[in-house]
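Peer 1: My questions all concern the structure below.
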Amino acid sequence: LVDVNKSEDQNKPDDEGNTELTSTDDYFTNARIERQKARDNALNVLRETVNEKNLSQEARDKAAQSMETLAAGAVSEARIETLIKAKGFSDCVTLINDKNVNVIVKAPKGGLTASDTAKIKDIVVSETNMKPSQINIVEKN
């Protein structure tokens, strides 16, 4: 249950000891769920393509390669998120595609500094083959 009138920094237990999620927490949780749903849907389509005997071997091989790319992207996203959190950021979601990387970061009080942005870009560059110009960092308040 989200109370939009509460400060986003509040995560207080209710009378039963349950912690309410803030709207920012909900955003990150929902973003991860939606990312996984989209990935699952894509994998299902690719799996069907790989198993379709009426398609050429080339088409099936291409679908299998796409499955591998999706899996590698999921691993990279998880590693990037873990490393960003290890640098002291409370939450983030990473979305990787073949052209860029989007990192949505829960903004600290006062917002992201140039140093924060550089740390995040360094992590993404080290975990992907992307150039800094291909990395978009978005603050989520």
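The values are calculated or read from the model by the stated rules, or taken from the named source; none is laboratory data. None of these values were measured; they are calculated from a predicted model. Cβ: placed from backbone, ideal geometry, glycine included. Neighbour counts: every protein chain shown. These accessible areas exclude ligands, DNA and RNA; they are computed on the full protein's heavy atoms, side chains included. Shrake-Rupley method; radii C 1.70, N 1.55, O 1.52, S 1.80 Å.
Peer 1: If I filter segment 56-70 for residues that are surrounded by 13 or more Cβ atoms within 10 Å (Cβ to Cβ) and of a type in the set (Lys, Arg), do I get at least one hit?
Peer 2: Yes - at least one qualifying residue is present in segment 56-70.
Peer 1: Is it true that Asp15 is open to solvent by 70 Å² or more (accessible area, probe 1.4 Å), modelled with pLDDT of 95 or more and farther than 30 Å from Pro132 by Cβ?
Peer 2: no
Peer 1: Which of (1) within 22 Å of Thr24 (Cα to Cα); (2) open to solvent by 50 Å² or more (accessible area, probe 1.4 Å); (3) touching a residue at least 24 places away in the same chain (Cβ under 8 Å) does Ala38 not meet, given it meets every other one?
Peer 2: Only one criterion in (1) within 22 Å of Thr24 (Cα to Cα); (2) open to solvent by 50 Å² or more (accessible area, probe 1.4 Å); (3) touching a residue at least 24 places away in the same chain (Cβ under 8 Å) is unmet by Ala38, namely (3).
Peer 1: Do you know which residues across segment 81-108 are assigned to a strand (DSSP E or B) and not polar (S, T, N, Q)?
Peer 2: Cys92, Val93, Leu95, Ile96, Val101, Val103, Ile104, Val105, Lys106
Peer 1: Scan segment 92-141 residue by residue and report those that are farther than 24 Å from Glu34 by Cα and in contact with a Cys (Cβ under 9 Å, 6 or more places away or on another chain).
Peer 2: none
Peer 1: Does Ile137 satisfy the condition of being in contact (Cβ under 8 Å) with a residue 40 or more places away in the chain, farther than 11 Å from Ile80 by Cβ and in contact with a strand residue (DSSP E or B) (Cβ under 6 Å, 6 or more places away or on another chain)?
Peer 2: The answer is no for Ile137.
Peer 1: Scan segment 77-126 residue by residue and report those that are open to solvent by less than 40 Å² (accessible area, probe 1.4 Å) and acidic (Asp, Glu).
Peer 2: Glu77, Glu81, Asp91, Asp116
Peer 1: Exactly one condition in (1) part of a helix (DSSP H, G or I); (2) of a type in the set (Gly, Ala, Ser); (3) in contact (Cβ under 8 Å) with a residue 12 or more places away in the chain; (4) open to solvent by 40 Å² or more (accessible area, probe 1.4 Å) is not met by Ala74; state its number.
Peer 2: For Ala74, the failing item is (4).
Peer 1: If a residue must be of a type in the set (S, T, N, Q), farther than 27 Å from Ile137 by Cα, open to solvent by 80 Å² or more (accessible area, probe 1.4 Å) and outside any loop (DSSP other than H, G, I, E, B), how many such residues does segment 41-55 contain?
Peer 2: Qualifying residue count, segment 41-55: 1.
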